[in-house]
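Undergrad: Attaching a single structure in structure tokens format; questions to follow.
The values are calculated or read from the model by the stated rules, or taken from the named source; none is laboratory data. Keep in mind it's a predicted model, so treat the numbers as computed, not measured. Neighbour counts run over all protein chains shown; Cβ positions are idealised from the backbone, glycine included.
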Amino acid sequence: MEGRILAGHGSGGKLMNELIAGHIRRVLGPESVQLDDSAILAIGLERIAFTTDTFTITPLEFPGGTIGSLAVNGTVNDLAVMGARPLYLSCALLLEEGLEIAVLERILSSMREAADRAGVAIVTGDTKVVERGKADKIFINTAGIGILERGAERRELEPGDAVIINGFIGDHGMSIMALRNDLSFSRGLVSDCAPMNRLIARVTAAFPGSVKFMRDPTRGGVASVLNEIVKGAPFGIGLYESELPIRDEVRGVSEMLGIDPLYAANEGKVLMIARGGDAEAIVESMRSLPEGSSAAVIGRVTEAHPGRAYLETRIGGRRILPVLLEEQLPRIC
């Protein structure tokens with residue numbers, strides 16, 4: 001509908017990018033909205049990363065987490081992928097009249113446990129209550145601050161650089177969709193919701209200067225992140241279908257629902273681009289931690305198809321990975 005917000009404006013794809021560029025940045029000013037996981041700011045002699053995010057997932061509790069742990073881990077990861085050491089979070093709660101106190105306490109407990117695991121403190125917040133029917137039980141907004149001890153992990157990419165991920169793709173999105181659709185064959189599938197700061201800190205300390213880009217592939221998944229990277233670039237990025245770590249359960253849910261797992265949300269993954277010569281050593285470093293036990297090199301920056309992300313298929317062909325237009329997985333984070 002022309003002139004109105006659509007579900008696709010929150011998809012992480014083309015409609016969302018058009019909304020940000022054509023309306024939000026145009027009105028607020030381009031300097032006010034940094035288009036990255038976190039803004040990099042200077043305060044005196046310190047450089048910090050600052051981020052904010054809002055979480056509206058349904059259901060509120062799911063295998064592997066809750067909206068509370070999702071909020072903490074998502075904010076921690078947005079700081080960590082910039083190369084920052086996360087320190088402090090805020091927590092703002094929008095509660096709907098009628099929400100059970102027991103549910104709220106479980107969500108808050110999961111937030112506390114996630115914060116303790118990530119080594120961050122929740123230091124401030126806000127609470128608002130709206131009338132019954134004016135929200136969906138609970139929405140959470142978090143903001144986060146982290147210290148940049150070496151500088152942002154953002155460097156120029158070039159052909160030969162490796163694309164690395166620390167584990168299975170699509171677990172979060174497909175576990176939520178399986179739960180919503182009561183798919184009994186996927187009962188063992190759980191969200192990958194987890195903090196990535198410890199794994200990222202190990203890699204960046206062991207391979208200084210090698211990591212050129214990091215992103216947590218949440219809304220829109222791996223394919224959407226790669227399309228953001230290659231937009232207008234003189235290079236392309238190719239993924240190897242044979243190397244993609246995707247669980248059979250995720251493939252099954254994806255096929256049943258008609259969703260490509262490369263566009264499914266992840267909440268405990270870091271997509272990393274690093275110098276090709278260090279790729280295998282980085283993967284081995286990741287595998288030494290539980291959150292990186294299934295790490296893999298899944299692609300390369302190439303001279304082929306500049307400005308495009310594509311898939312090298314098992315049968316030897318190439319398939320372009322288009323920019324996501326409409327919302328595939330609403331209310332997923």
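Undergrad: On the basis of being under 20 Å from the mean Cα position of the chain (by Cα) and charged (D, E, K, R), does residue 291 make the cut?
TA: The answer is yes for residue 291.
Undergrad: So in the stretch 179-207, with the set limited to residues that are modelled with pLDDT under 95 and part of a loop (DSSP other than H, G, I, E, B), which one is surrounded by the fewest Cβ atoms within 10 Å (Cβ to Cβ)?
TA: 182
Undergrad: Looking for whichever is surrounded by fewer than 23 Cβ atoms within 10 Å (Cβ to Cβ), in contact (Cβ under 8 Å) with a residue 12 or more places away in the chain and not aromatic (Phe, Trp, Tyr) here; the options are 273, 246, 282. Which one fits?
TA: The conditions single out 246.
Undergrad: Kindly indicate whether residue 221 is small (Gly, Ala, Ser), touching a strand residue (DSSP E or B) at 6+ places or on another chain (Cβ under 6 Å) and crowded, with 17+ Cβ neighbours inside 10 Å.
TA: no
Undergrad: Identify the residue in the stretch 290-324 that is of a type in the set (Val, Ile, Thr) and assigned to a loop (DSSP other than H, G, I, E, B) and, among all such residues, is nearest to residue 268 (Cα to Cα).
TA: By that ranking, first place goes to 323.
Undergrad: It is to be established whether one or more residues within the stretch 95-116 are assigned to a strand (DSSP E or B) and touching a residue at least 12 places away in the same chain (Cβ under 8 Å).
TA: Yes - at least one qualifying residue is present in the stretch 95-116.
Undergrad: Which numbered condition in (1) touching a Lys or Arg at 6+ places or on another chain (Cβ under 7 Å); (2) at pLDDT below 95 is the only one that residue 99 fails?
TA: Looking at each condition in turn, residue 99 falls short on (2).
Undergrad: Quick check on residue 238: is it crowded, with 23+ Cβ neighbours inside 10 Å and either part of a strand (DSSP E or B) or out of contact with any helix residue (DSSP H, G or I) (no Cβ under 8 Å at 6 or more places or on another chain) (or both)?
TA: So residue 238 fails the test.
Undergrad: Identify the residue in the stretch 1-46 that is at pLDDT 85 or above and among the charged types (D, E, K, R) and, among all such residues, is surrounded by the fewest Cβ atoms within 10 Å (Cβ to Cβ).
TA: 4
Undergrad: Go through the residues of the stretch 183-193 one by one and say whether even a single one is over 20 Å from residue 303 (Cβ atoms), of a type in the set (D, E, K, R) and without any contact (Cβ under 8 Å) to a residue 12 or more places away in the chain.
TA: Within the stretch 183-193, one or more residues are over 20 Å from residue 303 (Cβ atoms), of a type in the set (D, E, K, R) and without any contact (Cβ under 8 Å) to a residue 12 or more places away in the chain.
Undergrad: How about the stretch 306-320: which of its residues are buried (at least 18 other Cβ atoms within 10 Å of the Cβ), of a type in the set (A, V, I, L, M) and either out of contact with any Lys or Arg (no Cβ under 8 Å at 6 or more places or on another chain) or under 30 Å from residue 205 (Cα atoms) (or both)?
TA: Listed by number, the list holds a single entry, 309.
Undergrad: What is the number of the single condition among (1) of a type in the set (Gly, Ala, Ser); (2) more than 18 Å from residue 90 (Cα to Cα); (3) modelled with pLDDT of 95 or more that residue 49 does not meet?
TA: Tallying (1) of a type in the set (Gly, Ala, Ser); (2) more than 18 Å from residue 90 (Cα to Cα); (3) modelled with pLDDT of 95 or more, residue 49 fails exactly one: (2).
Undergrad: Right, next: Can you tell me which residue in the stretch 252-289 is farthest from residue 81 (Cα to Cα), limited to those that are of a type in the set (A, V, I, L, M, F, W, C) and in a loop (DSSP other than H, G, I, E, B)?
TA: It comes out as 259.
Undergrad: Considering each residue of the stretch 285-305, count those that are farther than 27 Å from residue 194 by Cα and exposed (fewer than 13 other Cβ atoms within 10 Å of the Cβ), and give that number.
TA: Total meeting the criteria: 1.
Undergrad: Out of all the residues in the stretch 120-146, which are loosely packed, with under 14 Cβ neighbours inside 10 Å and either on the phi > 0 side of the Ramachandran plot or within 23 Å of the chain's Cα centre (by Cα) (or both)?
TA: Answer for the stretch 120-146, where residues must be loosely packed, with under 14 Cβ neighbours inside 10 Å and either on the phi > 0 side of the Ramachandran plot or within 23 Å of the chain's Cα centre (by Cα) (or both): 121, 133.
Undergrad: Sticking with this one: Yes or no: residue 120 of a type outside the set (Ser, Thr, Tyr), under 21 Å from residue 61 (Cα atoms) and touching a Pro at 6+ places or on another chain (Cβ under 6 Å)?
TA: In short, no.
Undergrad: Among the numbered criteria (1) in the same structural domain as residue 186 (by TED's automatic domain parsing); (2) within 27 Å of residue 80 (Cβ to Cβ); (3) of a type in the set (Val, Ile, Thr), which single criterion is violated by residue 332?
TA: The one condition residue 332 does not meet is (1).
Undergrad: While we're on this one: From the list 209, 188, pick out the single residue that is of a type outside the set (Lys, Arg), out of contact with any His (no Cβ under 6 Å at 6 or more places or on another chain) and on the phi > 0 side of the Ramachandran plot.
TA: 209
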